[in-house]
1. Got a sec? Which of A:68, A:79 is among the acidic types (Asp, Glu), farther than 20 Å from residue B:86 by Cβ and within 8 Å of chain B (Cβ to nearest Cβ)?
2. Every residue in region A:35-52 that is surrounded by 13 or more Cβ atoms within 10 Å (Cβ to Cβ) and more than 9 Å from chain B (Cβ to nearest Cβ), please.
3. Which one of these is polar (S, T, N, Q), in a helix (DSSP H, G or I) and away from chain B (no Cβ under 14 Å): A:55, A:24?
4. I'd like the full set of residues that are surrounded by fewer than 19 Cβ atoms within 10 Å (Cβ to Cβ), within 12 Å of residue B:73 (Cα to Cα) and not β-branched (Val, Ile, Thr), limited to region B:37-49.
5. Going by the conditions given, is residue A:144 closer than 30 Å to residue B:46 by Cβ, within 14 Å of chain B (Cβ to nearest Cβ), within 29 Å of the chain's Cα centre (by Cα) and buried (at least 16 other Cβ atoms within 10 Å of the Cβ)?
6. Tell me, please, whether a residue that is among the aliphatic types (A, V, I, L, M), at pLDDT 80 or above and part of a helix (DSSP H, G or I) can be found in region A:159-167.
Amino acid sequence: MAVMNVNPTRMEMKRLQQRLKTATRGHKLLKDKTDEMIRRFIDLAEQNKRLREQTEQELCAALNAFAEARAVTDARATEEAILMPSRQVSLTCSKRKVMGIDVPSMQVADSGGELYPYSFLTVTPKLDDSLRGLNGVLLRLVELAETEKTCNMLAEEIEKNKRRVNALENIMIPQLTETIRYIKMKLDESERAATVRLMKVKDMINK
Amino acid sequence: MPDKIAVIGDKDSVLAFKAVGVEVFDATTAEQAVALLKKMTAERYAVVFIAESLAEQIPETLAKAKLQTYPAVVPIPTGRTPSGFGMQGIKSDVEKAIGVDVIFNKEDKQ
């Protein structure tokens, strides 16, 4: 590892020793943080997978029912029936901190209007089934969105953190150690040189 | 704070969402989807569900969306069966964070 370009003085060495101390401490802290983040991430990813499997199944079932409902009635009639929904889903959102990152936290607040905003005369009961299913799966979908987003952001943060840990471990710390060693050798060398010089001078005076 | 939910997809497959009170946007090409997503990022959308078939075509836009807290862009299946694109997303996240895919591999062995 390359030695840094510094003056080999005692003061510089003190400064570098201080930096090395900080770097080592920072490295330990960051490493602990990565460990904790990975632990949480694994839990979240498992939950994410479970949720996704479940919702995908339910969603597909609901959408298939909807497709069937459209197939048996006049396409225009179905469209007309649901064109003006009486419900409006909105979310109450906030930010939550997970290991220092802002992740979304959402709660569904639906307006509680009539789920079937159409006359039962023109459409098939299949449509009712499909809408009931879809309404049920919507809550789960929002939960999935929240979990998935948290996972995404945590994964990103873990990667960044790993890079920091690696930079400290493989570049910063060896470089500092090497430079400190270099300064120490230089200082020792000049000390020896001074001693030898004194001895020589003493010899010359004695002669 | 953002508070709206939207769905992007081709009209036939996402129309059903309209009835349950979610805003539906019609898009059939990747360009349309990208333009809609861009618009939604600027507005108050918290969750955007996007049809898997469209999501597959715009990986860069999705990757960019991952970095922000809002909106959460979530691919959803719209066909008869899930295509596995959403699962692929979880898999790549795990690989990115841990290096190897511990969650899906574990199940393969069992």
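The values are calculated or read from the model by the stated rules, or taken from the named source; none is laboratory data. Note that the structure is a prediction, hence the values are computed from the model and not measured. A quick note on method: Cβ atoms are made from the backbone with ideal geometry, for glycine too, and the neighbour counts reach across all protein chains shown.
1. On the way: A:68 fails: within 8 Å of chain B (Cβ to nearest Cβ).
Every option except A:79 fails the conditions.
2. Residues of region A:35-52 surrounded by 13 or more Cβ atoms within 10 Å (Cβ to Cβ): A:37-38, A:40-42, A:44-49, A:51-52.
Within region A:35-52, A:40, A:44, A:47, A:51 meet the criteria.
3. Details: A:55 fails: away from chain B (no Cβ under 14 Å).
Within the list A:55, A:24, the selection yields A:24.
4. B:38 - this is the single residue of region B:37-49 that is surrounded by fewer than 19 Cβ atoms within 10 Å (Cβ to Cβ), within 12 Å of residue B:73 (Cα to Cα) and not β-branched (Val, Ile, Thr).
5. Numbers: closer than 30 Å to residue B:46 by Cβ: yes; within 14 Å of chain B (Cβ to nearest Cβ): yes; within 29 Å of the chain's Cα centre (by Cα): yes; buried (at least 16 other Cβ atoms within 10 Å of the Cβ): yes.
Yes.
6. Of all residues in region A:159-167, those among the aliphatic types (A, V, I, L, M) come to A:165, A:167.
Remaining after also requiring at pLDDT 80 or above: A:165, A:167.
Subsequent filtering for residues that are part of a helix (DSSP H, G or I) retains A:165, A:167.
Yes, region A:159-167 has at least one match.
Conditions (1) surrounded by 16 or more Cβ atoms within 10 Å (Cβ to Cβ); (2) in contact (Cβ under 8 Å) with a residue 40 or more places away in the chain, marked per residue:
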residue	(1), (2)
A:60	yes, no
A:67	yes, no
A:89	yes, yes
A:92	no, no
A:98	yes, yes
A:104	yes, yes
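For every residue, the table says whether it meets (1) among the aromatic types (Phe, Trp, Tyr); (2) over 22 Å from residue A:130 (Cβ atoms); (3) at pLDDT below 85.
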residue	(1), (2), (3)
B:29	no, yes, no
B:36	no, yes, no
B:49	yes, no, no
B:52	no, no, no
B:72	no, yes, no
B:78	no, no, yes
B:104	yes, yes, yes
